[in-house]
1. Under the Karplus relation 6.51 cos²θ - 1.76 cosθ + 1.60, θ = phi - 60°, what is the ordered set of whole-Hz ³J(HN,Hα) values for segment 62-72, x standing for Gly and Pro?
2. Amide H to amide H, which residues 5 or more places from residue 100 or on other chains are under 5 Å from it, using H placed in the peptide plane?
3. Take segment 1-131, compute every pairwise Cα distance, and split them into 5 Å bins from 0; I just need the percent in each bin.
4. Spelling out what I want: for every residue of segment 245-250, take phi, set θ = phi - 60°, compute 6.51 cos²θ - 1.76 cosθ + 1.60 (Karplus), and round to whole Hz; glycine and proline get x.
5. By count of other Cβ within 10 Å, fewest leading, how are 223, 46 ordered?
6. Beyond a 29 Å Cα-Cα separation, which of these cross-linked pairs lie in this structure: 20/194; 2/68; 2/113?
7. Got a sec to turn the phi values of segment 205-222 into Karplus ³J(HN,Hα) couplings, 6.51 cos²θ - 1.76 cosθ + 1.60 with θ = phi - 60°, whole Hz, x for Gly and Pro?
8. Report the net charge of residues surrounding residue 5, where surrounding means a beta-carbon distance below 9 angstrom and charges are Lys +1, Arg +1, Asp -1, Glu -1.
Amino acid sequence: MKKYRSIFISDVHLGTRSCKAAQLKDFLLNNTCETLYLVGDIIDGWKVVKNNWKWNKEQTNLVRLLLKISNKTRVIFIPGNHDEFLRSLLHHEFALNGLELHNQYVHQGVDGKRYLVVHGDLFDGITRLSPWLSFLGDTLYDIVLGLNNSFNAIRHRFGFHYWSLSKFMKYRVKKALDFIFQFEKNLADYCKRKGYDGIICGHIHHAEIKEIDGTTYMNDGDWCESCSALVEDHNGNFIVLQLFDQKMIGTHVRVHQTGEILTGEFADCWCMQHQIYAEYPTVEITDES
């Protein structure tokens, strides 16, 4: 069991076939924190609109666990574009047990640095300027996820581990879209203008830590494909943890003392040296999950 200062998760998409509820439940049972941030798209309200709501027992169990966590842990819920219906509750100052609802939140690190926590959809040119195109893109994404399940069923028969075809395809398309709409740069520029030291967000389903023009950009990823979370330890280090072959591995680290950002094998080695990993059996990602 590992206890962190903060854990950030987003893009769970409860109510969809692609939601990895069992994996997230396993992660939360074995990794605790003082403050849990739910950074948007936890619930997929778009599926209700499309009359394509998919729910299972694992998702019910995850919701029960989140409510149980909120009894003893501060939980900050920041709605995204898929659960934007919750934004209508913001002016009511909605709260349930330890769960608070905010449109955005300022997280203060160990060193006093201020990080703006938002889902990120309001900085996405597609979502902001052409909501109908984003809605269409969601439908196409569902089709790709369906192909992803079939693809991995074949891989499983040949003894290969899960590999996200949908993530592979989406990231390459998203890189082209970022070139046009500059999602990450829009966030960094906004933070610099407002005097924040960094940004913590989700939305694009791509976990990462990097510096953009002197602003720290951190994305916590998703729980549909990559099964990733951003965590902050009590020394002020930020780490992206991602599920690979039934193990949570550190893929990005922002070292508090130096400000250095480590990636890949360097991040993994740093995590092992600093005993970041919780020792527990994780639930394997399969096409049935």
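Every read-out reported here was derived from the displayed coordinates using simple, explicitly stated rules and does not represent laboratory data. Not measured: the values here are computed from a predicted model. Virtual Cβ from ideal backbone geometry, glycine too; neighbours counted across all protein chains shown.
1. Taking θ as phi minus 60°, the curve returns 5, 4, 4, 5, 4, 5, 5, 4, 5, 6, 10 Hz for segment 62-72.
2. Here the answer is 75, 76, 77, since their amide H atoms fall under 5 Å of that of residue 100.
3. It works out to 2, 10, 18, 23, 22, 15, 8, 3, 1, 0, in whole percents.
4. Taking θ as phi minus 60°, the curve returns 6, 6, 10, 7, 10, x Hz for segment 245-250.
5. With the fewest neighbours first, 223, 46 line up as 46, 223.
6. Cα-Cα > 29 Å for 20/194; rest within.
7. Whole-Hz 3J(HN,Hα) from phi for segment 205-222: 6, 9, 6, 6, 10, 7, 9, 10, 6, x, 10, 7, 9, 10, 10, 8, x, 7.
8. Value of the local net charge: -2.
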